[in-house]
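In what follows, a single structure is set out as structure tokens and then discussed.
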Amino acid sequence: MEIRKMGVVGAGQMGNGIAHVLAMAGYEVLLNDITQEALDKGLAHIRDNMERQVSRGKMEEAEMEASLARITPTLTLSDLGKTDMVIESATERETVKQAIFEDLAPHLLPHTILTSNTSSISITRLASRTDRPERFMGFHFMNPVPVMQLVELIRGIATDEETFKTCKAVVDRLGKTSATAEDFPGFIVNRILMPMINEAVYTLYEGVGSVISIDTSMKLGANHPMGPLELADFIGLDTCLAIMNVLHDGLADTKYRPCPLLTKYVEAGWLGRKTGRGFYDYRGETPVPTR
């Protein structure tokens with residue numbers, strides 16, 4: 001099946017990045033969000049990122065304008081029903097995602113493939129709430145989408161082979177690399193990454209090291225480009241906590257128990273870069289550890 005028109009639900013950090021790479025690959029994109037402000041902000045972010053690519057010689061000005069012209073914003077979710085594939089990239093809450101797919105259902109074309117950019121929620125369970133579980137997949141991009149090369153493709157228990165092949169062809173057209181994951185909590189990347197971040201928070205919580213010493217140790221001792229606490233702030237501490245809870249609930253193993261300090265930061269609203277404070281305070285010129 002050839003995919004020509006794509007729908008993206010959510011114009012936030014992940015959604016606008018997904019719309020960006022789809023448009024650059026030549027797809028017509030309908031970008032949906034619930035407020036005009038969110039759409040305007042998402043489109044401005046896409047333009048800023050594309051202008052940065054132009055300034056670095058990675059794309060031509062004409063290519064940028066053509067790509068931007070392929071993105072159509074809409075506040076009406078049902079508009080996305082006329083696309084060949086929908087990529088849901090709303091907030092990481094299962095009830096929200098289920099409501100989106102239920103609202104889309106009456107408007108979908110018979111052949112439309114539904115996908116979710118979820119980082120941890122069961123694809124099988126999301127698919128079971130739709131009228132097309134065989135045409136439903138996990139389509140997990142990494143952040144920031146225009147830069148990161150990996151896309152996790154997650155089959156639900158009912159996903160058919162044609163749907164998988166179609167989604168893989170989209171990843172190939174984007175110039176990215178796919179990794180196939182089974183539908184278990186956290187899939188591959190977050191099953192490995194989030195417990196490491198959680199353990200770094202425990203290391204801070206128990207006083208083994210400071211924020212700076214923990215991040216420096218992993219950057220220089222394990223050759224990580226970013227320390228785990230800095231990375232947690234970049235991802236969003238609320239997202240990290242949500243994924244750890246999915247791992248803990250879904251696998252019933254105490255090794256996935258979220259660190260109480262991570263929970264405390266989220267309760268305080270210190271969610272990382274997006275709120276100005278997390279394990280670092282970003283409100284000044286230079287980030288300063290908050291603990």
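The values are calculated or read from the model by the stated rules, or taken from the named source; none is laboratory data. Fair warning: this is a prediction, and the values are worked out from it, not measured in the lab. Cβ: placed from backbone, ideal geometry, glycine included. Neighbour counts: every protein chain shown.
The table below gives the values:
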{"quantity": "Selected residue (criterion: farthest from Val86 (Cα to Cα)) from residues of region 98-121 that are aliphatic (A, V, I, L, M) and modelled with pLDDT of 95 or more", "calculated": "Ala99"}
{"quantity": "Residue satisfying all of: in region 80-98; touching a residue at least 60 places away in the same chain (Cβ under 8 Å) and surrounded by fewer than 16 Cβ atoms within 10 Å (Cβ to Cβ); farthest from Phe141 (Cα to Cα) among these", "calculated": "Lys82"}
{"quantity": "Evaluation of Glu162 against (1) under 30 Å from Thr130 (Cβ atoms); (2) under 22 Å from the mean Cα position of the chain (by Cα); (3) part of a helix (DSSP H, G or I); (4) not aliphatic (A, V, I, L, M) (one fails), failing number", "calculated": "(2)"}
{"quantity": "Candidate set from region 55-71 (those that are at pLDDT 95 or above and surrounded by 15 or more Cβ atoms within 10 Å (Cβ to Cβ)); member that is nearest to the chain's Cα centre (by Cα)", "calculated": "Ile71"}
{"quantity": "Residues (of a type outside the set (A, V, I, L, M, F, W, C) and closer than 16 Å to Ser210 by Cα) located in region 266-284", "calculated": "Gly278, Tyr280, Asp281"}
{"quantity": "First in region 2-28 and of a type in the set (Phe, Trp, Tyr), second anywhere and in a loop (DSSP other than H, G, I, E, B), Cβ under 8 Å, 6 or more apart", "calculated": "Tyr27/Ile3; Tyr27/Arg4; Tyr27/Arg70"}
{"quantity": "Residue in region 196-218 that is closer than 22 Å to His140 by Cα and at pLDDT below 95 present", "calculated": "no"}
{"quantity": "Sole exception among (1) in a helix (DSSP H, G or I); (2) surrounded by 15 or more Cβ atoms within 10 Å (Cβ to Cβ) for His224, by number", "calculated": "(1)"}
{"quantity": "Residue pairs meeting the criteria (Cβ under 6 Å; at least 6 apart or on separate chains; first crowded, with 17+ Cβ neighbours inside 10 Å, in region 187-201; second modelled with pLDDT under 95 and of a type in the set (Ser, Thr, Tyr))", "calculated": "Asn190/Ser119; Asn190/Ser120"}
{"quantity": "Residue within region 143-152 that is assigned to a helix (DSSP H, G or I), at pLDDT 95 or above and out of contact with any Pro (no Cβ under 9 Å at 6 or more places or on another chain) present", "calculated": "no"}
{"quantity": "Enumerated helices (runs of 4 or more DSSP H) restricted to region 1-71, each holding at least 3 residues that are among the acidic types (Asp, Glu) and over 17 Å from Asn143 (Cα atoms)", "calculated": "36-55, 61-69"}
{"quantity": "So Glu65, is it of a type in the set (Asp, Glu) and closer than 14 Å to Ala23 by Cα", "calculated": "yes"}
{"quantity": "Neighbours by Cβ (under 9 Å, 6+ apart or cross-chain): first from region 133-150, touching a residue at least 24 places away in the same chain (Cβ under 8 Å); second acidic (Asp, Glu) and in a strand (DSSP E or B)", "calculated": "Gly138/Glu152; Phe139/Glu88; Phe139/Glu152; His140/Glu152; Phe141/Glu152; Met142/Glu152"}
{"quantity": "Of all residues making up region 21-37, the number that are within 25 Å of Val96 (Cβ to Cβ) and surrounded by fewer than 19 Cβ atoms within 10 Å (Cβ to Cβ)", "calculated": "4"}
{"quantity": "Subset tally (residues that are closer than 20 Å to Ile212 by Cβ and either within 22 Å of the chain's Cα centre (by Cα) or surrounded by fewer than 17 Cβ atoms within 10 Å (Cβ to Cβ) (or both)) for region 237-260", "calculated": "2"}
